[in-house]
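First up is the structure itself, then whatever we jot down about it.
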Amino acid sequence: QVQLVESGGGLVEPGGSLRLSCAASGISISSSAMGWYRQVPGKQRELVAEINRGYSTTYADSVKGRFTISMDIAKRTVYLQMNRLKPEDSGVYYCTLVRFERYWGQGTQVTVSS
């Protein structure tokens, strides 16, 4: 059974940083694509960043240069380092893994506010 467990969300002031973690169990991540999506009320879930097979990365234009996605294959964990956070970065962040099918974590809330 595949499980994705996110952690690291919280409340941070504009300009601050947070690091999200997503630990996978029940599946090898070395041949998977993993990523982070964000959802705010009334809107569709949107891609923030993804990493494919541990090295190929994609970012939403709004986070390029501020967010970094990385993967520790041995720990089966993907990270999202978020710097210079803005209020518009707020939302529920969901970890996702794709290998033959897509899996989702339960989500972690990120709130950027003064």
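The values are calculated or read from the model by the stated rules, or taken from the named source; none is laboratory data. Being a predicted model, the structure only gives us computed values, none of them experimental. Because the Cβ atoms are built from the backbone with ideal geometry, glycine has one as well, and the counts that use them run over all protein chains shown. To get the accessible areas, we keep the full protein, side chains included, count just its heavy atoms, and leave off ligands, DNA and RNA. Shrake-Rupley method; radii C 1.70, N 1.55, O 1.52, S 1.80 Å.
For this structure, a couple of remarks:
- For the residues 15, 26, 35, a GNM of the chain with alpha-carbon springs under 10 Å puts the largest fluctuation on 26.
- The chain: relative contact order in percent, alpha carbon pairs under 8 Å with at least 6 residues between: 36
- Net +/- balance of residues flanking residue 9 in space, Cβ distance below 15 Å, scoring K and R +1, D and E -1: -1
- Heavy-atom surface of the chain, accessible at 1.4 Å and reported per residue (Å²): 54
- Of all DSSP bridge pairs formed entirely within the chain, close to 95 percent run antiparallel.
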